[in-house]
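Values in this text are rule-based calculations from the coordinates and carry no lab data. Because the structure is a prediction, the values reported are computed rather than measured. Note: ideal-geometry Cβ built from the backbone for every residue, glycine included; neighbour counts use all protein chains shown.
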Amino acid sequence: MIVILFWLAIYAAIIFVLILILHKAGVARRKVIFASSTLFGILSGLAATLRGLGEGGYIFNFLGVLLGEEIYTFSIGLIGDPHSFFAHYTIPWILRIPQIFLFTSATAWGVIGALAQLIYNQSKKPPATKGHSTRIIILLLVACLAICAAGVYATQKAHAKPLEPVGFPVVEIIGPPTPDGPPPPDWETITTYEVEKLYLSDNTVLIGRALYVTSIVKNTGPKGGIVKVELSLDGGVLSSQEVALLPGESKPIKFVVIVPEEGTYIVGIDGLTTNFEAKKP
């Protein structure tokens, strides 16, 4: 609580300085609190956006950050795909973290400034003086917000990065370690093996959802060792997995494949291949 009060005092001091600056710039007292508070929300929201969550973004504007996190989570559940591995990209750019902080901060502090301005005008009743019109003030604030948003959009470049397919092994512990032979860490890599079968959990998968690829690997050589099995997608290696096998032993291996775009893909494990189709949710 003490930390929150401390930062609220810092915010209030910054807004007070902005009030003095904008008032000297020609903004009337009947509008200057709203304009200063909204401008503070835009600038502090920009700072929080550029710093992000992991680099102290909270200290610049914890109100806008907390509100942004809630809207981000709500948006994924309402209009996005919360079950997708790429859930972050299933909602519009403007609703994603961290840029959402810019807009929630500007909105929250704009509302606070409007309420504070209304209370001030009702209690102090400052005389109507010449100055910038309300329309001009709002247009300037919107223009400032648009410039900041364009800067974030241009520098962040998260929207421009194409999503790549994801693949990783699923390691399952099946029973106790084999008592025969040396422990697997001491074994050498062997190439005397074959992949006997290839299974897919489904022939059709939704983009961003997990597709399980299972295969059976058999050691065809005279000695035990470590087999390195590679998973490929459309001809490129996507992931790999190491399996310890005794002579003549067979073991199942499993991978997870997640693709971000629609289409037909060829998935394979060491020579065996099959197709699957990815569709939009």
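Summary table below
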item: Inter-centroid distance (Cα atoms) of the range 1-45 relative to the range 185-249, Å; result: 61
item: Listed candidates [x] 6, 21, 19, 15, 13, 11, 8, 5, 2, 0; [y] 6, 18, 31, 35, 10, 0; [z] 7, 29, 36, 22, 5, 1, 0 - label of the one calculated as P(r) over Cα pairs in 10 Å bins from 0, in percent; result: [x]
item: Greater than 19 Å apart at Cα, pairs in Lys228/Lys254; Lys197/Lys228; Lys31/Lys130; Lys254/Lys279; Lys157/Lys279; Lys197/Lys280; result: Lys254/Lys279; Lys157/Lys279; Lys197/Lys280
item: Kirkwood-based Rg to Rh ratio, the range 1-84, C-alpha trace; result: 1.10
item: Ranked list, fewest to most other Cβ atoms within 10 Å of each Cβ, for Thr104, Thr189; result: Thr189, Thr104
item: In order through the range 83-92: 3J(HN,Hα) via Karplus (6.51 cos²θ - 1.76 cosθ + 1.60), integer Hz, x for Gly, Pro; result: 8, 7, 5, 9, 4, 4, 9, 8, 10, x
item: Label point at Ile2 placed 7 Å out along Cα→Cβ; residues across the range 60-99 whose backbone nitrogen lies under 11 Å; result: none
item: Degrees separating the helix 134-156 axis from the principal Cα axis of the chain, which is the longest one; result: 20
item: Folded to 0 to 90 degrees: helix 100-124 orientation relative to the chain principal axis, Cα; result: 20
item: Farthest toward positive dipole pole in the chain [+1 Lys/Arg, -1 Asp/Glu at C-beta], among Thr189, Gln122, Val111; result: Gln122
item: Helix 62-78 axis, angle to the chain major axis (alpha carbon atoms, nearest 10°); result: 50
item: Percentage, to the nearest whole number, of Cα pairs in the range 2-160 over 27 Å apart; result: 30
item: Average silhouette area of the range 191-276, convex hull of alpha-carbon atoms, in square nanometres; result: 5.0
